[in-house]
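Here the structure is laid out as structure tokens; the discussion comes afterwards.
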Amino acid sequence: MSDTVFGKIIRREIPADIVYEDDAVLAFKDINPQAPVHVLVIPKEPIPKLDEAAQKHQQLLGHLLLTAKEVAAKMELERGYRLVINNGDEGGQTVYHLHVHILGGRPMTWPPG
Ligand code: 5GP
């Protein structure tokens, strides 16, 4: 089983500013925010990256996305926000525990860097 800094956050071995938690997912503020609001939503099951998600994770992935929507509302991002999943090295992924970035509080540009 892979372990990462996010596993340590789930187990409360290192601190994080947690904004939502239930049995299946955890949401906390990014330590290096790229926007006024930058929250990460992660499954508690340590799926390393989206490519390694399987059919059995269908409900969990849906829950992850719906949680992101709920957290965005909680963070008062009614003007809009961006969700990002970086997958693999060339996708810019640095922590190999699947996570959804919620970015908001400023206008987003396209294309991303
Ligand atoms: P990735 O580049 O894998 O898509 O995103 C990983 C994110 O995790 C980065 O935005 C990075 O700032 C964040 N991060 C890395 N280590 C920690 C940590 O210890 N605590 C928190 N809250 N965020 C972290």
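The values are calculated or read from the model by the stated rules, or taken from the named source; none is laboratory data. Just so we're clear, the structure is a prediction, and the values are computed from it rather than from any experiment. Here Cβ is always computed from backbone atoms with ideal geometry, including for glycine, and neighbour counts include all displayed protein chains. The accessibility values were calculated without ligands, DNA or RNA, using every heavy atom of the protein model including side chains. Shrake-Rupley method; radii C 1.70, N 1.55, O 1.52, S 1.80 Å.
What to note about this one:
- Residues of region 21-48 that are closer than 18 Å to ARG82 by Cβ and in contact with a Lys or Arg (Cβ under 7 Å, 6 or more places away or on another chain): ALA35, PRO36, HIS38, VAL39.
- Scope region 92-109; condition free of Cβ contacts under 8 Å to residues at least 40 places away in the same chain and within 14 Å of the ligand (Cβ to nearest atom); matching residues: GLY92, THR94
- Taking residues in region 24-47 that are assigned to a strand (DSSP E or B), and partners anywhere that are more than 13 Å from the ligand (Cβ to nearest atom) and of a type in the set (Phe, Trp, Tyr), the pairs with Cβ atoms closer than 7 Å and at least 6 places apart or on different chains are ALA27/TYR20.
- Number of the exception - LYS8 against (1) over 18 Å from LEU66 (Cα atoms); (2) assigned to a strand (DSSP E or B): (2)
- Subset of region 59-91 that is open to solvent by 30 Å² or more (accessible area, probe 1.4 Å), assigned to a loop (DSSP other than H, G, I, E, B) and more than 10 Å from the ligand (Cβ to nearest atom) - its residue that is nearest to LEU40 (Cα to Cα): MET75
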